[in-house]
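The values are calculated or read from the model by the stated rules, or taken from the named source; none is laboratory data. It should be emphasised that the depicted structure is a prediction, and the values quoted were computed from it without experimental measurement. For neighbour counting, all protein chains shown are included, and Cβ atoms are generated from backbone atoms with ideal geometry for every residue, glycine included.
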Amino acid sequence: MALTIPDTISTHTNVFDVLKERGFIAQTTHEDEIRDLLANEKVKFYIGFDPTADSLHVGHFMQIIIMMYMQKFGHTPIVLIGGGTGMVGDPSGRTDMRKLMTTETVAENCRQFEKTFGRFLDFSEGGALIDNNAYWLLDLKYVDFIRDIGRHFSVNTMLRAECFKSRMEQGLSFLEFNYMLMQSYDFLVLYKKYGCKIEFGGDDQWSNILGGVDLIRRELGKQAYGMTFRLLTTSEGKKMGKTEKGALWLDAEKTPPYDFYQYWRNVEDADVGICLSLLTFLPMDEVNRLAALEGSAINEAKEILAFELTELVHGTDEATRAREAARALFGQNAGAGNLEDVPTTELPAANFGGEGMGIVDLIREIGLVASGSEGFRIIGQGGLMIEDVKITDAKTRVTTGDFTDGALLLRKGKKTYHRVKIV
């Protein structure tokens, strides 16, 4: 069952005005025409998603939110999975070449992506569509492709594109240089196959989108449109959604709901408003009220942000458990809440018998640190506590006597908690 957007989300009747009010839109090829088109027609549009991992991340989620808005207002999203472009790798926004994946890895990642989209969009008859560019890219004959498509592209113009220009000093492979042609060709195929008139994407996709719009004009003599959206960045311009463990994933196995919740609960004060606007469906009056809170009151807004976003991605039950766990650890009545929902690892009691288990081995085993060297560093900096006791000796050993009712609470830094239970 796909998520639904509340009817109270906006008083606007044109989705373009909703997207603009909430701060999504960065650039458009034809702003007035696009606004009129979205007001007067039911439009098919697409966003492409390259399967660079086996899970979507929070940057993708912002694109999903946009598709949900568009579907709410009667337009038809086309989710394009990049089974073909994923074999090359998009150079946009990167300083180095992506690691090439095997055909099997790309195919499996595509399958994982397809399952995720069904949680957010309605794919029933007459609803959203999903396609994979592997169906038309992988069987292309190269000489035919560069004769029919490549002839429309000026190398001089391509080299001025931001996605390529930023790579010229570090080196741009010929493989990646083909990416713009492939993405542009996708738009042409979708225009002919579905009547898709608009391509959406992050603002780093602007050059690629322009390529597709121009290709449709040259090949078909038709007008197509493009629109990009701001990237998910902090008020200081840093990419949002990066954690110590890497990307903030939508898959609960890769980023547990509690960790997901805590990320948003701990965003900087200055970023609360834009996160509420871009990543939740709260009405803008409420977004503005929450964003204007100051001092300790801003924590109310952060808790609402974290709950709303975790609920969208992981459901009400997981969001509630994450909130209760956070309140148990950090709230005014810390310790009184439900610690059962704090991230927990169960280990055999035998591990802690006799001389017990070394503290560095323990925190590495439960994933609080990625390596033994990181564990020694954290302890040396005074950043590890067991219950309320700071650990200063990296040779400390944990035994069954350290557990209370079979459980032990560890804390790394100020905000990262983990329970160990013996079984």
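See the values below:
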{"quantity": "Test: residue in segment 386-398 that is closer than 18 Å to residue 328 by Cβ and at pLDDT below 85", "calculated": "yes"}
{"quantity": "Filtered residue count, segment 144-163, keeping only those that are within 17 Å of residue 217 (Cα to Cα), free of Cβ contacts under 8 Å to residues at least 12 places away in the same chain and not charged (D, E, K, R)", "calculated": "2"}
{"quantity": "Residue in segment 214-226 that is modelled with pLDDT of 95 or more, closer than 18 Å to residue 85 by Cα and among the charged types (D, E, K, R) present", "calculated": "no"}
{"quantity": "Any hit, segment 228-240, residues being of a type in the set (Asp, Glu) and not assigned by TED's automatic domain parsing to the domain that holds residue 37", "calculated": "yes"}
{"quantity": "Odd one out for residue 58, checked against (1) at pLDDT 95 or above; (2) under 22 Å from residue 282 (Cβ atoms)", "calculated": "(1)"}
{"quantity": "From 231, 215, residue being part of a loop (DSSP other than H, G, I, E, B) and touching a residue at least 12 places away in the same chain (Cβ under 8 Å)", "calculated": "231"}
{"quantity": "Among residues of segment 397-413, those that are β-branched (Val, Ile, Thr) and surrounded by fewer than 15 Cβ atoms within 10 Å (Cβ to Cβ), counted", "calculated": "2"}
{"quantity": "Sole exception among (1) closer than 26 Å to residue 255 by Cα; (2) outside the structural domain of residue 279 (by TED's automatic domain parsing); (3) aromatic (Phe, Trp, Tyr) for residue 403, by number", "calculated": "(1)"}
{"quantity": "Sole residue being within 30 Å of residue 140 (Cα to Cα) and not polar (S, T, N, Q), chosen from 282, 290, 210", "calculated": "210"}
{"quantity": "Complete set of residues in segment 219-254 that are more than 21 Å from the chain's Cα centre (by Cα), surrounded by 15 or more Cβ atoms within 10 Å (Cβ to Cβ) and of a type in the set (D, E, K, R)", "calculated": "219"}
{"quantity": "Helices (runs of 4 or more DSSP H) wholly inside segment 288-374 containing at least 2 residues that are modelled with pLDDT of 90 or more and within 23 Å of the chain's Cα centre (by Cα)", "calculated": "298-314, 316-330"}
{"quantity": "Subset of segment 292-311 [within 24 Å of residue 19 (Cβ to Cβ) and buried (at least 21 other Cβ atoms within 10 Å of the Cβ)]", "calculated": "301, 305, 306, 309, 310"}
{"quantity": "Test for residue 79: is it at pLDDT below 95, closer than 25 Å to residue 134 by Cα and buried (at least 20 other Cβ atoms within 10 Å of the Cβ)", "calculated": "no"}
{"quantity": "Index of the failed condition, residue 170 passing every other in (1) part of a helix (DSSP H, G or I); (2) at pLDDT below 85", "calculated": "(1)"}
